[in-house]
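**Q** Handing you this structure, nothing more for now.
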Amino acid sequence: MRTRQEDKRGEIKILDIEALMPSQHMLRKIDKVIDWSHIYELTEKYYCEDNGRPSADPVVLVKMAFLQHLYGIPSLRKTVAEKEVNIAYRWFLHFNLDTSVPHFATVSYAFATRFPSELFQEIFAWVLDTAVAKKLVKADRICIDATHIKANASKKKKYKGQAAVTARTYDDKLREEINADRMAHGKKPLKPPSDPEPPTKEVTKSVTDPDSGMFHKGEHKVEFAYTGHAVCDKNGLVLESDVSPANVHDSTMFDELYNNTIEKFEEVERIGMDSAYRTPCIMKQMYDSGRLPSVPYKSPMTKKGFFKKSEYVYDEHFDCVICPANQMLSYSTTNREGYREYKSKAYICKNCPHLSQCTESKQHQKTVLIHIWADYIDQAEDVRHSPEGWATYALRKETVERVFADAKEKHSMRYTFLRGLDRVRNWVRLKFAAMNLKKIANWAC
């Protein structure tokens, strides 16, 4: 109690910032594993050397953004303020103790206006290429998933608007097979849509951030949000990412994520996914490319008190469906969504004692839908029961789900202050690039 700390704040000592930086600090490892001068090559085309005021160093700007995502600092403004006093941050930026930090407006303008979305994708790819060069990527098994990110928008400020329905890459192939199936059943092929404009649907939009989407799932509260999509390898490195409004289904974003991933990593053999991706089109796409899906079983959403879908048995020989009352539902047509419609005979169903458990149709007619690519779902079910299928699906909790958990808890991805789909997408890509860089530094040093 007699020992009192002296006030040494005015004491003068000759020290450089290198001596003050801990030898095992994470930023030392990061600075060691990657060549930051490559940023000059990526950003050269966005600067003019002939006129204008002297610009801020682009490497400093990119490093400042990485520091925000590495340490989960909520906003860029707070990140700039932290760099004023944090010695480790100053060392990482190659500053000394009295170097002035770029003004927040300079940093904000660079990432909001000067740098396009292509640069963020190039930075993400550059970090990933570093992991590939160090042989840290294990992509024979990958996992795909999505998580929601709360938008900077009030759910009270909303309106009804029209949104374009996202086109699917397999629509043309599906249309061909639908017409082939209809002709095989003696039906005329479907006419192409007369309206050249893409179809639209009514959705709830935000006044403050129209690019976000209304999110409601399970016990989550209703709010405007975005959905972050990611593909991870066995080591938890993010191989590909994208962002969509929260009201866009996960399976809609699968095509681009999948195609971009297998284009860069041809060694992919198996893919673990949740039930949201268990659609006939996705399963066919994977089997056609020579890869195996690991997806869980998804119980049909049958109304309480009604027969389950599994109780309606398809007879392949007679191309019909047998109902629980042992009556036949005959082929009727193949619709534009690729589903064969099997319908019962109304005069038989009208007097059936099980009618109340079968259908609520006013015409007393039961319709069962079977997709023309339903066989691929059955093949995926066989894979699910195999030891390799179970092992691949189990990777999800160790890889992509862990990445999302860390991104939200440690890297501030639970909520975004930004508005607009492009800005949020760039923000998420930088965040995943920073998380990859952190793993590279820890494993390579």
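**Q** Can you pull out the residues in segment 1-25 that are under 30 Å from residue 441 (Cβ atoms) and among the polar types (S, T, N, Q)?
**A** Of everything in segment 1-25, those that are under 30 Å from residue 441 (Cβ atoms) and among the polar types (S, T, N, Q) turn out to be 23, 24.
**Q** Checking residue 310 against (1) more than 20 Å from the chain's Cα centre (by Cα); (2) assigned to a helix (DSSP H, G or I); (3) crowded, with 17+ Cβ neighbours inside 10 Å: exactly one of these is not met. Which one?
**A** For residue 310, the exception is condition (3).
**Q** Could you tell me which residue of segment 135-182 is farthest from residue 281 (Cα to Cα), considering only residues that are small (Gly, Ala, Ser) and in contact with a Ser or Thr (Cβ under 9 Å, 6 or more places away or on another chain)?
**A** Filtering segment 135-182 down to residues small (Gly, Ala, Ser) leaves 139, 146, 151, 153-154, 161, 163-164, 167, 180.
Within this subset, residues satisfying the condition of being in contact with a Ser or Thr (Cβ under 9 Å, 6 or more places away or on another chain) are 139, 146, 151, 153-154, 161, 163-164.
Numbers: 139: 23, 146: 19, 151: 30, 153: 34, 154: 36, 161: 29, 163: 23, 164: 20 Å.
The extreme case among them is 154.
**Q** Can you name every residue in segment 28-58 that is under 28 Å from the mean Cα position of the chain (by Cα) and of a type in the set (A, V, I, L, M)?
**A** Of everything in segment 28-58, those that are under 28 Å from the mean Cα position of the chain (by Cα) and of a type in the set (A, V, I, L, M) turn out to be 30, 33, 34, 39, 42.
**Q** Sticking with this structure for a sec: Mind telling me which of the residues 272, 290, 305, 228 ends up being over 26 Å from residue 120 (Cα atoms) and buried (at least 21 other Cβ atoms within 10 Å of the Cβ)?
**A** Working: 290 fails: buried (at least 21 other Cβ atoms within 10 Å of the Cβ); 305 fails: buried (at least 21 other Cβ atoms within 10 Å of the Cβ); 228 fails: over 26 Å from residue 120 (Cα atoms).
272 is the lone residue from the list that is over 26 Å from residue 120 (Cα atoms) and buried (at least 21 other Cβ atoms within 10 Å of the Cβ).
**Q** Given segment 341-445, what helices (runs of 4 or more DSSP H) lie entirely inside it while holding 3 or more residues that are in contact with a Lys or Arg (Cβ under 8 Å, 6 or more places away or on another chain)?
**A** Details: elements: 346-349, 355-358, 374-384, 387-398, 400-409, 421-444.
Passing ranges, in order: 374-384, 387-398, 421-444.
**Q** Under 28 Å from residue 419 (Cα atoms), free of Cβ contacts under 8 Å to residues at least 40 places away in the same chain, assigned to a strand (DSSP E or B) and touching a strand residue (DSSP E or B) at 6+ places or on another chain (Cβ under 8 Å): does that describe residue 240? Full working, then the answer.
**A** Numbers: under 28 Å from residue 419 (Cα atoms): yes; free of Cβ contacts under 8 Å to residues at least 40 places away in the same chain: yes; assigned to a strand (DSSP E or B): yes; touching a strand residue (DSSP E or B) at 6+ places or on another chain (Cβ under 8 Å): yes.
Here the answer is yes, as residue 240 does meet what is asked.
**Q** In addition: When you go through 325, 346 one by one, which is the residue that is aliphatic (A, V, I, L, M), outside the structural domain of residue 388 (by TED's automatic domain parsing), surrounded by fewer than 16 Cβ atoms within 10 Å (Cβ to Cβ) and at pLDDT below 95? Working first, answer last.
**A** On the way: 325 fails: surrounded by fewer than 16 Cβ atoms within 10 Å (Cβ to Cβ).
None of the other options fit; the residue is 346.
**Q** Of all residues in segment 349-366, how many are under 20 Å from residue 299 (Cβ atoms) and either surrounded by fewer than 18 Cβ atoms within 10 Å (Cβ to Cβ) or not assigned by TED's automatic domain parsing to the domain that holds residue 313 (or both)?
**A** Qualifying residue count, segment 349-366: 1.
**Q** Given the structure, is residue 438 farther than 30 Å from residue 332 by Cβ, touching a Gly at 6+ places or on another chain (Cβ under 7 Å) and basic (Lys, Arg)? Break it down into steps so the answer makes sense when it comes.
**A** Working: farther than 30 Å from residue 332 by Cβ: yes; touching a Gly at 6+ places or on another chain (Cβ under 7 Å): no; basic (Lys, Arg): yes.
Here the answer is no, as residue 438 does not meet what is asked.
The values are calculated or read from the model by the stated rules, or taken from the named source; none is laboratory data. Remember, it's a predicted structure, so these values are computed and weren't measured experimentally. Neighbour counts are summed over all protein chains in view; Cβ atoms, including those assigned to glycine, are modelled from backbone coordinates with ideal geometry.
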